[in-house]
Amino acid sequence: MTTSFTIAELAALTGAEAVEGACAGPVTGVAALAEATSADLSFLGNAKYADGVAVSRAGAILVPVAFAGKPAAGQAFLRVANPSYALALFCGVLEARLWPRPPAGIHATAVVAASAKVDPAAHVGPLCVIGEGAIVAAGAVLEARCHVGARASLGADCWLKPGVVVGDYCVLGARCRIQSGAVIGSDGFGYEPVNGEIRRIPQIGNVVLEDDVEVGANSTLDRARFSQTVVGRGTKIDNLVQIAHNVRIGRQCLITAQVGIAGSTTLGDHCVLGGQSGVAGHLTLGDRVKLGAQTGLFEDVPADGFMNGTPAVPFGLERRLVVLSRRLPDLFKKVDSLTASLDSARR
């Protein structure tokens, strides 16, 4: 297996519009500007790091087409429309070489129910369990110790990393990618107080992930109390996220680490939820809504809203409130001083 690339190969892979300079040797790795060596590819993805290009030792650097700098001796610039995306294209090729798709077939230690349908082009790794009536489509990869429940369905080219659980009746579309420890289809947190006791409410729905959904490590998506918990096409869910029962998330959303979404809440398309934000139940967020990190949301938000803080308020207002709150100590000092002056005058 080779991870060595010539400048010509890099230019083709990244869609470079021009190549300037010449690299001293092949590129074998990727590194940040400040850490790169002559064997590394680096990139300028943010203008704030532009000064780092001139002092970088990288053999090749992805830079914007209009970048004003020039490459050093033994260094090549690949001028591209979007350096960050160009790097992603390269890393996709590198990833495929470092972690090639395992061969089709079912490992001898896997347990596959007789009624399950596993496409011959799928890979089922060691100690996997596939339940009755489950379907695993062509090109799917189940790494070691994955569990696919009864009558669950995995679409074409899904990739489950070690230790993933897909519960009974849950459905994954094509090309879903699920990281280790994630649970798709755990019971929703449904209980009812009856005569002083807390009784469990059966959760008889499922979870549906549409095509190209990705779920991070140790995230949990609860099955619906009835009907479906749904994640729309292309949505990406980070690590340690909790999605409760009957939540519906739209297409192309970004749900970052440690977010919690309570039951029966609906998100539109292209929403972005910052880290550790929490969304109460039975709310509706319109398309393109954004929540800042650690936001606590307790009310509906119309399309294009940007909320921050706890309880959440519009972002601009919350920033003004933060500035004003920092002036409170001086304000109290002035109030105390004025009170003392008034008291003295009354005497």
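Return yes when V323 is farther than 27 Å from A217 by Cα, out of contact with any Asp or Glu (no Cβ under 6 Å at 6 or more places or on another chain) and exposed (fewer than 15 other Cβ atoms within 10 Å of the Cβ) and no when it is not.
Numbers: farther than 27 Å from A217 by Cα: yes; out of contact with any Asp or Glu (no Cβ under 6 Å at 6 or more places or on another chain): yes; exposed (fewer than 15 other Cβ atoms within 10 Å of the Cβ): yes.
Spelling it out, V323 is indeed farther than 27 Å from A217 by Cα, out of contact with any Asp or Glu (no Cβ under 6 Å at 6 or more places or on another chain) and exposed (fewer than 15 other Cβ atoms within 10 Å of the Cβ).
Hey, among the residues in region 147-160 that are in a loop (DSSP other than H, G, I, E, B) and free of Cβ contacts under 8 Å to residues at least 40 places away in the same chain, which one's nearest to the chain's Cα centre (by Cα)?
Filtering region 147-160 down to residues in a loop (DSSP other than H, G, I, E, B) leaves 149-152, 155-158.
Keeping just the survivors that are free of Cβ contacts under 8 Å to residues at least 40 places away in the same chain gives 149-152, 156-158.
On the way: G149: 24, A150: 27, R151: 27, A152: 23, A156: 21, D157: 19, C158: 16 Å.
Looking at residues that are in a loop (DSSP other than H, G, I, E, B) and free of Cβ contacts under 8 Å to residues at least 40 places away in the same chain, I get C158.
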- Conditions (1) surrounded by 15 or more Cβ atoms within 10 Å (Cβ to Cβ); (2) not in a loop (DSSP other than H, G, I, E, B); number of the one not met by K48: (1)
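Give V208, V213 a once-over and let me know the one that is over 15 Å from G167 (Cα atoms) and not basic (K, R).
On the way: V208 fails: over 15 Å from G167 (Cα atoms).
The conditions single out V213.
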- Query: Of V213, V230, V207, which residue is under 13 Å from T265 (Cα atoms) and either in contact with a Pro (Cβ under 7 Å, 6 or more places away or on another chain) or not charged (D, E, K, R) (or both)?
  - Reply: V230
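Find the residue count for region 183-211, including only residues that are in a loop (DSSP other than H, G, I, E, B) and more than 22 Å from V231 (Cβ to Cβ).
Here is the first cut: in region 183-211, the residues in a loop (DSSP other than H, G, I, E, B) are 187-190, 195-196, 201-205, 210-211.
Keeping just the survivors that are more than 22 Å from V231 (Cβ to Cβ) gives 195-196, 201-202.
So the answer is 4.
One line per residue, one yes/no per condition, for (1) under 18 Å from V80 (Cα atoms); (2) in contact with a strand residue (DSSP E or B) (Cβ under 7 Å, 6 or more places away or on another chain):
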site: L10; (1), (2): yes, yes
site: L13; (1), (2): yes, no
site: P26; (1), (2): no, yes
site: E35; (1), (2): no, no
site: A50; (1), (2): yes, no
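Among the residues of region 288-347, which ones are in a helix (DSSP H, G or I) and among the basic types (K, R)? Break it down stepwise before answering.
Of the residues in region 288-347, the ones in a helix (DSSP H, G or I) are 315-326, 328-346.
Scanning region 288-347 gives R319, R320, R326, K333, K334, R346.
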- Message: Within region 33-47, take every residue that is within 23 Å of the chain's Cα centre (by Cα) and modelled with pLDDT under 95 and give me the one that is farthest from A16 (Cα to Cα).
- Response: N46
- When V231 is evaluated against the numbered criteria (1) touching a strand residue (DSSP E or B) at 6+ places or on another chain (Cβ under 9 Å); (2) among the aliphatic types (A, V, I, L, M); (3) over 19 Å from D211 (Cα atoms), which criterion, by number, is the only one it fails? (3)
- Task: Being closer than 30 Å to C23 by Cβ, assigned by TED's automatic domain parsing to the domain that holds G21 and more than 31 Å from the chain's Cα centre (by Cα) narrows it down to one of G74, G52, G92, so name that one.
- Result: G74
- Consider only pairs whose beta carbons are under 8 Å apart and that are at least six residues apart or on different chains; among these, list those whose first residue lies in region 127-143 and is not assigned by TED's automatic domain parsing to the domain that holds A113 and whose second residue is charged (D, E, K, R) and not in a loop (DSSP other than H, G, I, E, B). none
- Item | Looking only at region 251-269, and only at residues there that are among the aliphatic types (A, V, I, L, M) and assigned to a loop (DSSP other than H, G, I, E, B), the one that is farthest from the chain's Cα centre (by Cα) | A262
- Note: among P102, P120, just one is under 26 Å from the mean Cα position of the chain (by Cα) and part of a loop (DSSP other than H, G, I, E, B), namely P102
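What number of residues within region 55-71 are surrounded by 14 or more Cβ atoms within 10 Å (Cβ to Cβ) and under 18 Å from A16 (Cα atoms)?
10
Can you tell which of A81, A88, A96 is in contact with a strand residue (DSSP E or B) (Cβ under 8 Å, 6 or more places away or on another chain) and not charged (D, E, K, R)?
Values: A88 fails: in contact with a strand residue (DSSP E or B) (Cβ under 8 Å, 6 or more places away or on another chain); A96 fails: in contact with a strand residue (DSSP E or B) (Cβ under 8 Å, 6 or more places away or on another chain).
Only one candidate qualifies: A81.
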- Message: Exactly one condition in (1) within 23 Å of C158 (Cα to Cα); (2) in a loop (DSSP other than H, G, I, E, B) is false for T229; which is it?
- Response: (2)
- Item | Only listed residue being within 15 Å of the chain's Cα centre (by Cα), surrounded by fewer than 18 Cβ atoms within 10 Å (Cβ to Cβ) and under 30 Å from Q203 (Cα atoms), chosen from Q294, Q276 | Q276
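Regarding R319, is this residue under 27 Å from G190 (Cβ atoms) and either at pLDDT 95 or above or more than 23 Å from the chain's Cα centre (by Cα) (or both)? It would help to see each step written out before you state the result.
On the way: under 27 Å from G190 (Cβ atoms): no; either at pLDDT 95 or above or more than 23 Å from the chain's Cα centre (by Cα) (or both): yes.
It is false that R319 is under 27 Å from G190 (Cβ atoms) and either at pLDDT 95 or above or more than 23 Å from the chain's Cα centre (by Cα) (or both).
The values are calculated or read from the model by the stated rules, or taken from the named source; none is laboratory data. Since this is a predicted model, take the numbers as computed values, not measurements. Here Cβ is always computed from backbone atoms with ideal geometry, including for glycine, and neighbour counts include all displayed protein chains.
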